[in-house]
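Trainee: Here it is: the structure, laid out below.
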């Protein structure tokens, strides 16, 4: 497995740092995206990558702009649009490489989940399989979860203040409200794997079910007992890796 770190430029001329793990016996290609405030080295992102690497996939992970990784930008400016555009720019860069292969797989967590699913809805012919994990479903649904219960006050202030002290511009929510995966979910006829924790208060299981029910192809959904929005517990990560490997072997590579 050849490992390479590459810096590329997005459409705004910002640096995106990409981590490429090229399989010597490549059976497929997967792009993996982190969520809001995340990075390519998070335990769950690494776990997704390991499952695909063990099945001889070339794996592309990257830090979006406006997060806490190695790419450019400021967290307060993060939006669904900037994540989605960065994904498209990374795929565009990849399309010029000798290891590029269509159709490819897409995996994303949370804000990365909605970004990968939006891409699959727009370009279904390019996507072999999709795994939107703990995905944001829509801006409208986001507004009713506990963390945004004071959204009118946040809007008045112009900021979204998170429990951990991080702050996002209210423009983030205005941008998020433009998106709704439910609108074009029926276009997703490729295999889809969904996973969410039963303690997730950001993208709860009941929201995932709304999306799941609209999918028209081969699909599965798993609710991990005791898991929050971000998966860090080693036993939960082990379960998720097992789910991914089984899905890859039974649905993606068949």
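The values are calculated or read from the model by the stated rules, or taken from the named source; none is laboratory data. Fair warning: this is a prediction, and the values are worked out from it, not measured in the lab. Note that we place each Cβ from the backbone using ideal geometry, even for glycine, and neighbour counts take in every protein chain shown.
Trainee: Only residues that are part of a loop (DSSP other than H, G, I, E, B) and either crowded, with 20+ Cβ neighbours inside 10 Å or touching a residue at least 40 places away in the same chain (Cβ under 8 Å) (or both): list them for segment 4-22, please.
Mentor: Taking segment 4-22 first, the residues part of a loop (DSSP other than H, G, I, E, B) are 10-14.
Answer for segment 4-22, where residues must be part of a loop (DSSP other than H, G, I, E, B) and either crowded, with 20+ Cβ neighbours inside 10 Å or touching a residue at least 40 places away in the same chain (Cβ under 8 Å) (or both): 10, 11, 12, 14.
Trainee: So which residues in segment 67-82 are in a loop (DSSP other than H, G, I, E, B) and in contact with a strand residue (DSSP E or B) (Cβ under 6 Å, 6 or more places away or on another chain), if there are any at all?
Mentor: Start the filter on segment 67-82 by keeping residues that are in a loop (DSSP other than H, G, I, E, B), which leaves 67-74, 78-79.
Result: 70, 71, 72.
Trainee: Kindly list the number of the only condition in (1) assigned to a loop (DSSP other than H, G, I, E, B); (2) free of Cβ contacts under 8 Å to residues at least 24 places away in the same chain; (3) under 22 Å from residue 110 (Cβ atoms) that fails for residue 64.
Mentor: (2)
Trainee: Same structure, new question: Consider segment 208-224. How many of its residues are touching a residue at least 12 places away in the same chain (Cβ under 8 Å) and within 20 Å of residue 145 (Cβ to Cβ)?
Mentor: Taking segment 208-224 first, the residues touching a residue at least 12 places away in the same chain (Cβ under 8 Å) are 208-212, 214-224.
Checking which are within 20 Å of residue 145 (Cβ to Cβ) leaves us with 208-212, 214, 221, 223-224.
Number of matching residues: 9.
For every residue, the table says whether it meets (1) modelled with pLDDT of 95 or more; (2) within 21 Å of residue 92 (Cα to Cα); (3) under 19 Å from the mean Cα position of the chain (by Cα).
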site	(1), (2), (3)
109	yes, yes, yes
124	yes, yes, yes
156	yes, no, no
166	no, no, no
170	yes, no, no
179	yes, no, yes
185	yes, no, yes
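Trainee: For segment 200-213, give me each residue that is surrounded by fewer than 16 Cβ atoms within 10 Å (Cβ to Cβ) and closer than 22 Å to residue 124 by Cα. Explain how you work it out, then say what you get.
Mentor: We begin by selecting, within segment 200-213, every residue surrounded by fewer than 16 Cβ atoms within 10 Å (Cβ to Cβ); these are 201, 206, 209-210, 213.
Selection gives 209, 210, 213.
Trainee: Out of 195, 223, which single residue is touching a strand residue (DSSP E or B) at 6+ places or on another chain (Cβ under 9 Å), assigned to a strand (DSSP E or B) and either buried (at least 18 other Cβ atoms within 10 Å of the Cβ) or at positive phi (or both)? Can you show your working first?
Mentor: Numbers: 223 fails: either buried (at least 18 other Cβ atoms within 10 Å of the Cβ) or at positive phi (or both).
Matching residue, one of 195, 223: 195.
Trainee: Mind listing whichever residues of segment 43-58 are in contact with a strand residue (DSSP E or B) (Cβ under 8 Å, 6 or more places away or on another chain) and in a loop (DSSP other than H, G, I, E, B)?
Mentor: Correct list: 55, 56.
Trainee: Return the residues of segment 27-56 that are free of Cβ contacts under 8 Å to residues at least 60 places away in the same chain and surrounded by 19 or more Cβ atoms within 10 Å (Cβ to Cβ); say none if nothing qualifies. Before you say what the answer is, go through the steps one by one.
Mentor: First pass over segment 27-56, keeping only residues free of Cβ contacts under 8 Å to residues at least 60 places away in the same chain: 39-41, 46, 49, 53, 56.
Within segment 27-56, 40, 49 qualify.
Trainee: Still on this structure, please answer the following. For segment 23-38, which positions are in a loop (DSSP other than H, G, I, E, B) and more than 12 Å from residue 69 (Cα to Cα)?
Mentor: First, the residues of segment 23-38 that are in a loop (DSSP other than H, G, I, E, B): 23-27, 34-38.
Hits for segment 23-38 are 23, 24, 25, 26, 27.
Trainee: Take the residues in segment 226-254 that are touching a residue at least 60 places away in the same chain (Cβ under 8 Å) and surrounded by fewer than 16 Cβ atoms within 10 Å (Cβ to Cβ), then tell me which one is farthest from residue 130 (Cα to Cα). Even if it seems obvious, please write down each step before you answer.
Mentor: Going residue by residue through segment 226-254, those that are touching a residue at least 60 places away in the same chain (Cβ under 8 Å) are 229-232, 237, 240-241, 244-245, 247-249, 251-253.
Filter once more, keeping what is surrounded by fewer than 16 Cβ atoms within 10 Å (Cβ to Cβ): 232, 245, 249, 253.
Details: 232: 22, 245: 14, 249: 14, 253: 13 Å.
Ranking the candidates gives 232 first.
Trainee: Hey, does segment 237-250 have a residue that's in contact with a helix residue (DSSP H, G or I) (Cβ under 8 Å, 6 or more places away or on another chain) and either part of a loop (DSSP other than H, G, I, E, B) or at positive phi (or both)?
Mentor: Quick first cut of segment 237-250, residues in contact with a helix residue (DSSP H, G or I) (Cβ under 8 Å, 6 or more places away or on another chain) only: 237, 240-241, 244-245, 248.
Then drop every residue that is not either part of a loop (DSSP other than H, G, I, E, B) or at positive phi (or both), which leaves none.
No - not one qualifying residue is present in segment 237-250.
Trainee: Is it the case, given these coordinates, that residue 85 is surrounded by fewer than 21 Cβ atoms within 10 Å (Cβ to Cβ) and part of a helix (DSSP H, G or I)? First the steps, then the outcome.
Mentor: Working: surrounded by fewer than 21 Cβ atoms within 10 Å (Cβ to Cβ): yes; part of a helix (DSSP H, G or I): yes.
Taking the combined requirement at face value, the residue satisfies it.
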